[in-house]
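Some notes on the structure that comes next.
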Amino acid sequence: MNSPSLSTPATAAVDVIGVGAGFSGLYLAHRLTTAGWTFAGFEAGPDVGGTWFWNTYPGARCDVESIYYSYSFDETLQQEWTWSQRFAPQAEILSYINHVADRFDLRKHFTFDTRVVGATWNAADRLWEVQLDNGETRRSRYLISGAGGLSTPKDFDVPGLENFTGLQVSTSRWNISLDDLAGKRVAVIGTGSSGVQAIPLIAQVAGHLTVFQRTPNYVMPARNAALATEQIDSIKNDYPTIREECRHSPGGIPEYPVTDNAFDVSDEERQRRYEAAYERSGFNGVGAEFADLLTNPEANRTASEFIHDKIRKIVEDPATAELLVPKYHPLGAKRSVFGTDYYETYNRPNVSLVSLRDEPIQTMTENAIVTSKGTYEVDAVVLAIGFDAFTGPLYGLDLTGASGRKLQDAWRDGIRSYLGMMAADFPNFFMVGGPLSPALVSNVVVTIEQAVDWIAELLEHARDNDAAVIEATAEAEEEWVNITEATVAPTLYATTDSWYRGSNVDGKPDTFMGYVGGVGKYRRMCTEIAKRGYPGVQLDGEAQSRHLGPIHQEIS
Ligand code: NA7
């Protein structure tokens, strides 16, 4: 195959530098090298897997069903891989990613144990100068981030943590065995998805487990189960249809259409539907049962109270149950959590709960957590405190754009992007599932595949037009920011502090970091943008149209 490379300057080693070897980076490498581009990938970890390489804590699994949370780009791949469970555990997802890397011979495109620590746009040569943590600089025409949304752990902002001399581990960099906690007095700080998955398993081995909870969350039962042979056969027969449904759905999974509102039905019917959703579980669970649950606070209250009742029924100690009841946000407005035996775990005699809303941590000593109300002696502390989502990994690249400004300065007052894939003033830089894309609130693998394909086609479009520089216009970026804000504004997401809005990291601007109009609509819009010659995108500084225009309103 002839190289499709542009007349790349002799100093540019490769057409594309890709960051990360997780779901995004691997498909990027496959898609672009198959099309003939030269590609050099850099991965900070020692092997492929991204999030699924690092998050090895007990109980780690994806809460999107594995048959959907997997690549769709190759029919043979999806026929030959068999998932064992509805929600595969981390080790199985990592095996799958390794299988994909082996099957398509993708490791050869990556340098491992090597982190991208800086990148500067060289306007004269029209390429990126990319600095690596081994001191080398590499050059590429395009720079594409597949660094993920949840790959930079949040700073350990627990006061006095440095005083603690016992065992300390974080869920996102788990480097001990569960047995290391056997018989110990263990503290878990944080009750998001990671904490909720780990807590029941830690409780089984710990001498005593104390959970330090800041914000109680809605935890719905995952209902994980082995997949039966007949189910697997039927899925494999239907895969093309299932994948197409995912691509055109709101959240990247096949969803049965819900059009009625919570008060359209009787109280009894509503309860019946919530019960059925609770039994069935699945992405968004009870929170997806009526169309207005994320827009009408009264409607939401019916679903929230349904979960409150479940908690009060499961947890035997009424005082503990009340602490676990989520009362600071509506169901679904912050990432819902799916667990196995989570609330039941608080019935164990060796488990207790501390509410940090009632008694904040003041400091830690060498062997204790000191709150405003008491001192809790522990041998081990497990931090499950989350991530600096989306911007953490991007700012880690320390990008300097065309005007000499850093990305973190360009976004200081609010996070911006064009379609979640490009940023004005950062030519030839692309993000797979970046901020303001649907990645935040969808089955991210669907968004990843769509973004990689769209970016690949845009590179081909530029090549066909003999253009070397691709850049989103500031006008189109502004329009996309406005569209994402207007889409989220009527929803309850906008009213709730969460990592979705950067509220978990001090100093982060308040921007809801996703597009909530649905992956189907987003895909159709991106396809239409390509069809119309990429409005909002400049090739070599020449704008076909500087504006995105009314495409978003025109697409249903
Ligand atoms: P999350 O969902 O951000 O959860 C972090 C938890 O840690 C949450 O309960 C936080 O309380 C709590 N937290 C954070 N910082 C502190 C401090 N300093 N002190 C006490 N408690 C703290 O992260 P996860 O890793 O569980 O899940 C991330 C995503 O991965 C998840 O949403 C899925 O998409 C997969 P808060 O709610 O902020 O009050």
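The values are calculated or read from the model by the stated rules, or taken from the named source; none is laboratory data. Note that the structure is a prediction, hence the values are computed from the model and not measured. Quick reminder, even Gly has a Cβ in these numbers, built from the backbone with ideal geometry, and neighbours come from all protein chains shown. What goes into the accessible areas is simple: the full protein's heavy atoms, side chains included, and nothing from ligands, DNA or RNA. Shrake-Rupley method; radii C 1.70, N 1.55, O 1.52, S 1.80 Å.
Keeping all protein chains in place and using 1.4 angstrom, which order do Glu344, Glu542 fall into by accessible surface area, from largest down? Spell out each step's value before the answer.
Working: Glu344 80, Glu542 130 Å².
Largest accessible area first, the residues go Glu542, Glu344.
Where the centroid of each part is defined by its Cα atoms, how far is segment 65-92 from segment 117-190 in Å? With segment 65-92 and segment 117-190 each reduced to a Cα centre, they are spaced 27 Å. Once both labels are positioned 7 Å from their Cα atoms along Cα-to-Cβ, the gap between Arg280 and Lys327 label points is 3.2 nm. The alpha carbon centroids of segment 452-527 and segment 323-345 are separated by 28 Å. Summing +1 for each Lys or Arg and -1 for each Asp or Glu among the other residues whose beta-carbon sits under 10 angstrom from that of Ile551 gives 0. With the simple spin-label model, which puts each label point 7 Å out from Cα in the Cβ direction, the Glu485 to Asp466 separation comes to 4.1 nm. The residue list Gly332, Tyr68, Gly148 was ranked by how far each Cα lies along the charge dipole of the chain toward its positive end, using unit charges on Cβ atoms, and Gly148 comes out on top.
Working with all protein chains in place, sort Thr38, Thr375 by solvent-accessible area computed with a 1.4 Å probe, largest first.
Numbers: Thr38 60, Thr375 90 Å².
These residues rank, largest area first, as Thr375, Thr38.
What is the chain's relative contact order, in percent, from Cα pairs under 8 angstrom and six or more apart in sequence? Working shown, then result.
Numbers: 1129 pairs, mean separation 102.0, N = 556.
RCO, the chain: 18 percent.
Can you work out the PRE-style zone for Ala319? Point 7 Å along Cα to Cβ, and I want the residues of segment 341-368 with backbone N under 11 Å. Zone members listed by number: 353. The label point for Glu377 and the one for Ala123, both projected 7 Å from the Cα toward the Cβ, are 6.5 nm apart.
Do the sum for the chain: with -39,500 (n - 2.57) for every DSSP H run of n ≥ 4, divided by all residues, what is the mean residue ellipticity at 222 nm, to the nearest 500 deg cm²/dmol?
Working: 16 runs with 173 residues, N = 556.
Taken over the chain, the calculation gives -9500 deg cm²/dmol.
When nucleic acids and ligands are ignored and a 1.4 Å probe is applied, His30 ends up with an accessible area of around 40 Å².
When the dipole is taken about the Cα centre of the chain, and only Lys, Arg (+1) and Asp, Glu (-1) are charged at their Cβ, what size is it in debye, to the nearest 20?
My answer is approximately 360 debye.
Using a 1.4 Å probe and counting only protein heavy atoms, arrange Arg348, Arg247 so the residue with the most accessible area comes first.
Values: Arg348 85, Arg247 55 Å².
Ranked list, largest accessible area first: Arg348, Arg247.
Compute the FRET efficiency between Arg546 and Asp105 as 1/(1 + (r/R0)^6), taking r as their Cβ-Cβ distance and R0 = 45 Å, and round to the nearest 0.05. About 0.60, to the nearest 0.05.
Between the beta carbons of Glu268 and Phe112, assuming R0 = 41 Å, the FRET efficiency works out to 0.10 to the nearest 0.05.
Taking 19 Å as the limit for the C-alpha separation, the pairs Lys154/Lys334; Lys310/Lys373; Lys334/Lys508; Lys154/Lys508 exceed it in the case of Lys310/Lys373.
Taking all protein chains as they are arranged and a probe of 1.4 Å, the heavy atoms of Lys406 leave approximately 60 Å² accessible to solvent.
Compute the relative contact order of segment 29-135 as a whole-number percentage, counting only Cα pairs closer than 8 Å that sit 6 or more residues apart in sequence. Computed over segment 29-135, the figure is 35 percent.
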